[in-house]
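The values are calculated or read from the model by the stated rules, or taken from the named source; none is laboratory data. None of the values given here were measured: they were computed from a predicted structure. As a convention, Cβ positions derive from the backbone with ideal geometry for all residues, glycine included, and neighbour counts pool all protein chains shown.
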């Protein structure tokens with residue numbers, strides 16, 4: 001790799017909020033070709049509430065197919081509340097990482113910081129309606145919610161109304177065309193009965209080892225039911241409608257509802273969790289949805305079931321544990 005990492009990151013550094021006041025020293029952050037021998041690389045980052053000291057990287061270049069590698073050794077930050085330390089600490093202190101992979105993690109963390117430092121209220125248009133596969137909004141990235149106001153409460157109320165009208169037990173915001181990290185559900189699925197749950201910015205922190213195969217349906221795939229294998233319980237961390245953080249253990253039916261809606265927040269559909277054999281049994285119904293989308297929008301379907309590449313079972317299991 002020729003040139004400096006800093007130069008390649010320059011357009012992205014400009015996206016950081018001004019409150020962080022990041023300053024990079026181009027004399028420290030450098031990656032050269034392995035043929036040129038060792039390198040001395042590092043970075044200094046000063047923020048309004050924290051500081052990362054120089055991260056000196058010496059003799060870290062390794063030859064191998066012409067790719068540069070770096071090993072971050074020391075990362076220190078006075079204020080742990082800032083996430084900037086994880087940008088570099090996540091690279092690992094011993095194992096080498098390729099510069100392109102490290103740069104990808106760096107950019108992902110910068111984008112995360114940018115979202116949290118520049119909160120925007122949730123915006124949506126009423127009335128809400130369930131969008132159907134293969135609408136591309138079902139695959140978009142869903143933003144974190146940082147503003148907990150009356151507008152958010154209205155969105156939650158309307159999502160529950162849509163869920164009950166369509167005989168659902170759960171609904172995620174992207175299913176109504178609002179790409180934010182929000183889901184609602186009621187295990188009973190009847191208004192006035194059972195308990196209503198609202199989870200904002202949820203994250204699964206633990207999965208059960210045991211799994212079960214159960215038939216699932218989805219409001220974005222009307223009248224298409226098929227079996228999906230999932231862990232029987234999960235531990236979840238999230239925020240409520242007021243922004244208060246909480247954790248909850250979900251089992252069996254509630255765990256399945258949550259995981260189905262959580263997949264939507266990750267841009268994953270339940271057909272992605274099905275085995276190839278199961279998907280083959282519903283191909284005609286999926287093709288009909290694709291044709292309906294093209295007739296309704298006048299645009300080609302953004303994805304087709306016949307173009308799908310099925311992943312092996314071990315990969316699917318890794319996706320569960322890494323979510």
*asked:* Tell me yes or no: at least one residue of the stretch 312-320 is surrounded by fewer than 15 Cβ atoms within 10 Å (Cβ to Cβ), at pLDDT below 95 and either touching a helix residue (DSSP H, G or I) at 6+ places or on another chain (Cβ under 7 Å) or in a loop (DSSP other than H, G, I, E, B) (or both).
replied: yes
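Report yes if residue 132 is in contact with a strand residue (DSSP E or B) (Cβ under 8 Å, 6 or more places away or on another chain) and within 29 Å of residue 293 (Cβ to Cβ), otherwise no.
The answer is yes for residue 132.
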*Could you tell me whether the stretch 261-274 includes any residue that is more than 21 Å from residue 142 (Cβ to Cβ) and in contact (Cβ under 8 Å) with a residue 12 or more places away in the chain?*
yes
*asked:* Can you say whether residue 129 is modelled with pLDDT of 95 or more and outside the structural domain of residue 232 (by TED's automatic domain parsing), as far as the supplied structure shows?
replied: yes
*Do we have any residue at all in the stretch 253-260 that's touching a helix residue (DSSP H, G or I) at 6+ places or on another chain (Cβ under 8 Å), surrounded by fewer than 20 Cβ atoms within 10 Å (Cβ to Cβ) and outside any loop (DSSP other than H, G, I, E, B)?*
no
*asked:* Going residue by residue through the stretch 142-165, is there one that turns out to be under 28 Å from residue 295 (Cα atoms) and touching a residue at least 60 places away in the same chain (Cβ under 8 Å)?
replied: yes
